[in-house]
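Let me begin by presenting the structure, written as structure tokens, before commenting on it.
The values are calculated or read from the model by the stated rules, or taken from the named source; none is laboratory data. Note that the structure is predicted; figures quoted are calculated from it, not measured. Neighbour counts are summed over all protein chains in view; Cβ atoms, including those assigned to glycine, are modelled from backbone coordinates with ideal geometry. Calculation scope for accessible area: heavy atoms of the full protein, side chains included, ligands and nucleic acids excluded. Shrake-Rupley method; radii C 1.70, N 1.55, O 1.52, S 1.80 Å.
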Amino acid sequence: MSSLGGLDRALDSTKVTAFQSAIIGLCALTAMIDGMDTQAIGLVAPAIASDWQVPAAAFGPVFSSSLFSGLLGALVAGQAGDRFGRKPILMFSVFVFALGSLATPFTHSITGLLIVRLVTGFGLGGALPIIISITSEFSPKRLRLNIVALMYCGFPFGSVLGGVLAAQLIPRFGWASVFYIGGVVPLILLPTFALVMPESISFLAANGKRDKVAALSKRLGLQVGDLTVVPTSPQPRATVRRLFAEGRAMGTLLLWTTLFLSLLLTVFLVNWMPLVAHHAGLGIRSSVLGVAALNLGGIVGCFFIGWISRRFTSIVPIAIAYGLGGAAVALIGVVVQSGQILLTVAFVAGVLTVGSQMCAVALAASFYESALRSTGVGWALGLGRVGAVIGPLIGGVLIAQHVATPTLFLIAGTVSLGASAAVFGIARITRRRNPAQFFTTSAADQNPGTRLDRQPEPPLRIARR
């Protein structure tokens, strides 16, 4: 076994290269495709309900099925990425959700749709922790929170693009066309992933691949003396138990809580807002564009909230945005019958809640060291997916009980307040030890005796064999 030292410092001392940009771009493209396919079932649900003559409430289990399997995919792929390498697990995940998407149009019942979405969701869930971990590892730590959050913006951008495409494709070519595009595109791109996407440099070092580490460091524009690769004793496997060791327990629980509540809210809005708006009298086109506005707001919010957080080297702006987002979500229930106003309010809600979610995902990537990163992000997203599973089911139960639309979205708004409280908790933990934990490389060295401690890194060199 070998270990890698000095990567964060080396990346922080150089500019972002074209190769790094290509890696991050491919991860963003994966997130975009993932976002398109994840949201697709909610976008086409009104058309399928009309085509199959089934009630809207019947889609609750379908919405939750891919999210449940996505939970399993995130947990399995996250740990598998740390153990077997991130590149092969990523390519397998992309292949699985591409095939699942292509199979969706061939279903003719709610049961068949549920089964196919289970398969698709496993691939979708498996890809996310890997691309987040890869982006985090190849980003300078001083910019990591922003870069990971912006990369993950590919997910809501895919949702926006999916919403716009669905609004155009469904009336002309039927709902099946959405899934054909969602399946063919990732299959076409797989060869590019195989040629361009590198393996985790830390994983290569841990497995004694010194030549590959040296070659990859040169492609990253690092000097020969930037890294240290030295033999070490075997390290314990990346397991969920280690996420609670060495003082990480409270931070882990708060991250899980944040993403649980955040994904519960987002998936609830994405899946039920089109149906609720359509039943309130809006056309399918306007109902679908409401989701596009929500996700477009998330992209804008990610830039804005991430910039403010970096400007003040604090994650408190994320918590504040979640709190304000609760009010915006509640307002959706009041304006759902007006197309133009709904688009505006959904956009604002997206800026505050979906934008905060992008930044919260980046927090998880920065919270764990490289050897635990895929596992930590995978479990954070996996527990978040539990919320994503519950959200549509709760929505289905409330709608079946004929809960008034304003009350429905008021309840959803309180969920955002809970996420706000969890992020404030994370900020409180880090404020006393190192407010810049998520923004600077030297944070750990400045706070001995805390959870952020790291062993002093050896001289920055590549050891000779």
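For ARG428 and THR239, the FRET efficiency from 1/(1 + (r/R0)^6), where r spans their Cβ atoms and R0 equals 45 Å, is about 0.95. Take region 12-94, drop everything but the C-alpha atoms, weight them equally and run the Debye formula without solvent; then report log10 I(q)/I(0) at 0.19, 0.21, 0.22 Å⁻¹ to two decimals. Log10 I(q)/I(0), no solvent term: -0.96, -1.05, -1.09. Take TYR152: with every protein chain present and a 1.4 Å probe, its accessible area is about 10 Å². Each residue was assigned an accessible area with a 1.4 Å probe, and for HIS279 the value is about 130 Å². Largest first, the residues TRP272, TRP307, TRP175 sort by 1.4 Å accessible area into TRP307, TRP175, TRP272.
Distance from the alpha carbon centroid of region 37-84 to that of region 323-351 works out to 24 angstrom. In this calculation the C-beta distance from LEU190 to ALA215 is compared with R0 = 22 Å, giving a FRET efficiency of 0.40. Taking 0.36 nm per residue of separation and subtracting the current Cα-Cα distance, fully stretching the chain between VAL54 and VAL397 would add 121.8 nm.
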